[in-house]
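Just so you know, all these numbers are worked out from the coordinates, no wet-lab data involved. Bear in mind the structure is a predicted one, so any value in this text is a computation, not a measurement. Quick reminder, even Gly has a Cβ in these numbers, built from the backbone with ideal geometry, and neighbours come from all protein chains shown.
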Amino acid sequence: MADILDGKKLRDKIFENLKIKLDKMPIKPTLAVILVGLDSASQIYVRNKKKTAEKLGINSLVIEYPENITENELLKKVDELNNDKNITAILVQLPLPKHIDKFKVIDSISPDKDVDGLTPYNLGKLFAGEEPYVYPCTPKGILILLDEYKINIEGKHVVVIGRSNLVGKPVAQMLLKRNATVTMCHSHTKNLSEITKTADIIVSAVGKNVIGEKMLKSNCVVVDVGIFKDENGKVRGDVDFEGVSNIAAYISPVPGGVGPMTIASLMLNTVELFERNL
Ligand code: NAP
């Protein structure tokens, strides 16, 4: 039976240490979150981020706009936050409505307040093998989780499924930097299972049930990033958890694996940006 990569437990440990650090800070970081529209998942995510920040002693400010806000109004707000000395971290909750160019909005965030690490400056630094202000939250959380369980990355064949700017591409670069041999797969990949069978570590960030036990070799490590609701409304990951648990050495559950690590990384990034800019 596979060991569980327990993101919840590790998140709690990270928060305990962060709280001790924040309690000693005379001035606290302030995280500003922009939420556009009424997407229910986004509303839940933003509420959790605010609640978590406040529990740790990070100031948080949620700025909500209706679905029909113009791109210019949004850009103006980001500019205002960029220039506000009291705001130390900015996050624009995605997705944005279709009439707004999300790249333009993300690009407008000051790199030194870009808590998601998604601006071209920070992603560019990451892809150049240099140090960004901060690393994107989900990839960072995945690496922290693998390190906690002392999973060796160097020289391993890691197969990353999904190539988004949010997860797939940055996690592949971070693993490459740690000397993994990385293969990236996506919806046009032929014979996915032929590739996954050669993986020592799999990172799956798709949002569909794509990984079953027959696609893997024994004792591999499986990191499941995907989250979606199945036809019965049950929250699921990309991986057939029960089957894969029989063959893998380690597996991250959904929920309770990468999700908690993403929020832990967001809080770590908020504090890191604040400390760098002091
Ligand atoms: P995304 O932008 O939705 O992209 C999905 C990726 O999966 C694309 O690269 C797509 O390929 C690929 N794909 C789709 N069908 C595939 C298939 N049958 N076989 C192989 N690849 C396939 O992805 P995302 O924003 O990275 O999110 C991915 C999942 O992770 C979602 O379920 C999301 O909710 C979840 N997520 C979780 C967390 C967390 O904290 N736990 C954080 C972020 C995201 P193409 O590029 O060819 O279209």
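Below is a table of values for the structure above.
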quantity: Fraction of alpha-carbon pairs over 27 Å apart in the stretch 100-255 - percent; calculated: 24 percent
quantity: Rounded tilt (10° steps) of 258-276 against the dominant C-alpha axis of the chain; calculated: 40 degrees
quantity: Cα-based Lys pair tally, the stretch 182-243, threshold under 15 Å, eight or more apart or on separate chains; calculated: 4
quantity: Label-point separation in nm, residue 16 to residue 79, each point 7 Å along Cα→Cβ; calculated: 4.7 nm
quantity: Inter-part distance where the stretch 3-56 and the stretch 207-271 are each reduced to a Cα centre, Å; calculated: 21 Å
quantity: Assigned charges on the beta-carbon of Lys, Arg, Asp, Glu; the stretch 108-197 dipole about Cα centre (debye); calculated: 320 debye
quantity: Size-normalised alpha-carbon gyration radius of the stretch 1-83, reference 2.2 N^0.38 Å; calculated: 1.41
quantity: Helix 168-177 vs. the chain, principal-axis angle (Cα, 0 to 90°, nearest 10); calculated: 80 degrees
quantity: Listed residues 95, 255, 29, most fluctuating in the chain (Gaussian network, C-alpha, under 10 Å); calculated: 95
quantity: Tensor-based shape of the stretch 60-100 (alpha-carbon gyration tensor, a/c under 1.5 rounded, otherwise prolate or oblate); calculated: prolate
quantity: Principal axes of the stretch 171-261: Cα extent on each, largest first, Å; calculated: 39, 28, 27
quantity: Reachable lysines from residue 19, criterion Cα separation under 28 angstrom, eight or more residues apart if same chain; calculated: 8, 9, 28, 49, 50, 51, 55, 85, 113, 140, 150
quantity: Of 263, 27, 14, the one that fluctuates the most in a GNM where the chain has Cα springs shorter than 10 Å; calculated: 27
quantity: Point-charge dipole on Cβ atoms (K/R +1, D/E -1) for the chain, about Cα centre, debye to 20; calculated: 260 debye
quantity: Rg/Rh ratio calculated on Cα atoms of the stretch 35-122 (Kirkwood radius); calculated: 0.94
quantity: Furthest towards positive pole of dipole, 216, 146, 161, structure part the stretch 134-259, Cβ charges; calculated: 161
quantity: Max mean-square fluctuation residue, GNM over the chain, Cα-Cα springs under 10 Å, options 107, 224, 200; calculated: 107
quantity: Added length on full extension, which subtracts the Cα-Cα distance from 0.36 nm per residue, residue 44 to residue 176; calculated: 44.2 nm
quantity: Taking the convex hull of Cα positions in the chain, its mean projected area over all directions (nm²); calculated: 14.6 nm²
quantity: FRET efficiency for residue 232 and residue 164, using Cβ-Cβ distance with R0 set to 41 Å, rounded to 0.05; calculated: 0.95
quantity: The stretch 57-177 shape via C-alpha gyration tensor axes, a/c threshold 1.5; calculated: prolate
quantity: Estimated inter-spin distance, residue 183 and residue 67, nm [label 7 Å along Cα→Cβ]; calculated: 4.2 nm
